[in-house]
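Where a number appears in this text, it was derived from the coordinates with a stated rule and is not lab data. Owing to the predicted nature of the structure, the values given are computational and were not obtained by experimental measurement. For neighbour counting, all protein chains shown are included, and Cβ atoms are generated from backbone atoms with ideal geometry for every residue, glycine included.
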Amino acid sequence: MSWESHDKYKPCRCGLGFIVETTRSDDWNRFEYSTRLECPECRKNYVTYIYDYISSGMYEQATCWVDRQLYDTFQKKEERLKETKSRLTQQFNEHMRKEYLDKWVALFEDSPYTKKAVWEKFKKYKLTSYSYKTFCSKTDKQSLSQFVENQVLYENRYLILSAIGVESDSFLESYSANLMEHQKARDNARREMMQSSFR
Ligand SMILES: [Zn+2]
């Protein structure tokens, strides 16, 4: 079985070098594609940026070159967004526990603390879609009361609040608004970086 390789040369951004696109194919109609920048001048100002995109429902990868400084700015905003998300999630989880843990745990006090009773409550409040058997295997190695308490998380806010009969919590709702600002900054930095790109 042999691979055939074909190179295609395109001018780079500054015009002194090339972008080389290599396509390889074999007898089985398998294709491989790669691209590289052959220009010392462009390499000073541009960095490789590889990203995923969705095409006809499939994940594909694309390679391009983007301005070095704009890339740094984008990376910083991306980092900032991640940090903010993790900080906010922790803060909002703490808020959930402080405000709602006792009320949530109280919902389990009317019946004996057995796996069956807890599973039935979880089903009722839509916190699990597991069968009883699967639920048992998931809770095998941890304490049942700890498992119940651990559900009080920001990501479960709608289910927990609805279970204990709280209609809304404006603090929890501010999470998205807080995050949105950082998302916007990241998206803007990416847009600006992509405007500088070439492939
Ligand atoms: Zn160049």
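Report the calculated FRET efficiency for Gln91 and Arg36 (r = Cβ-Cβ distance, R0 = 35 Å), to the nearest 0.05. All intermediate terms of the calculation are to be shown ahead of the outcome.
Values: r = 44 Å, r/R0 = 1.27.
E(calc), rounded to 0.05, equals 0.20.
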Exercise. Enumerate the calculated ³J(HN,Hα) couplings along region 69-86 in order (Karplus 6.51 cos²θ - 1.76 cosθ + 1.60, θ = phi - 60°), each rounded to whole Hz, writing x wherever the residue is Gly or Pro.
Key: 5, 5, 5, 4, 4, 4, 4, 5, 5, 5, 4, 4, 4, 4, 4, 4, 4, 5
Quiz prompt | Fraction of alpha-carbon pairs over 21 Å apart in the chain - percent | solution = 70 percent
Quiz prompt | Under 5 Å, built H, 5+ apart or other chain: amide partners of Thr35 | solution = Thr22
Self-check item: Helix-derived mean residue ellipticity, 222 nm - over the chain, DSSP H n ≥ 4, -39500 (n - 2.57), to 500
Solution: -17000 deg cm²/dmol
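Calculate the dipole size of the chain relative to its Cα centre from +1 charges on Lys and Arg beta carbons and -1 charges on Asp and Glu beta carbons; express the result in debye to the nearest 20. Present the calculation step by step, with values, prior to reporting the outcome.
Working: 33 positive and 30 negative charges, 37 e Å.
In total the dipole reaches around 180 debye.
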Quiz item: Under 29 Å Cα-Cα from Lys98, which lysines qualify once same-chain neighbours fewer than 8 residues away are excluded?
Solution: Lys82, Lys85, Lys115, Lys116, Lys121, Lys123, Lys124, Lys126, Lys138, Lys141
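Once Rh for region 3-67 is found with the Kirkwood sum over Cα pairs, what is the Stokes-Einstein diffusion coefficient at 37 °C and 0.692 mPa s, in µm²/s?
Details: Rh = 13.3 Å.
Once the numbers are plugged in, D ends up at 247 µm²/s.
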Exercise. Could you go through region 37-49 in sequence order and give the Karplus-derived ³J(HN,Hα) for each residue, using 6.51 cos²θ - 1.76 cosθ + 1.60 with θ = phi - 60°, rounded to whole Hz, and x for Gly and Pro?
Key: 9, 10, 7, x, 5, 4, 5, 5, 9, 10, 10, 6, 10
Self-check item: Most mobile listed residue (Thr73, Thr134, Thr63) in the chain, GNM with C-alpha springs under 10 Å
Solution: Thr134
Exercise. Compute the acute angle (0 to 90°) between the alpha-carbon long axis of helix 115-124 and the principal axis of greatest extent of the alpha-carbon atoms of the chain; round to the nearest 10°.
Key: 70 degrees
Quiz item: What does the highest-first list of 149-160, 47-58 look like by mean Cβ count within 10 Å?
Solution: 149-160, 47-58
Quiz prompt | Cα-based Kirkwood hydrodynamic radius, region 52-147, one decimal, Å | solution = 18.0 Å
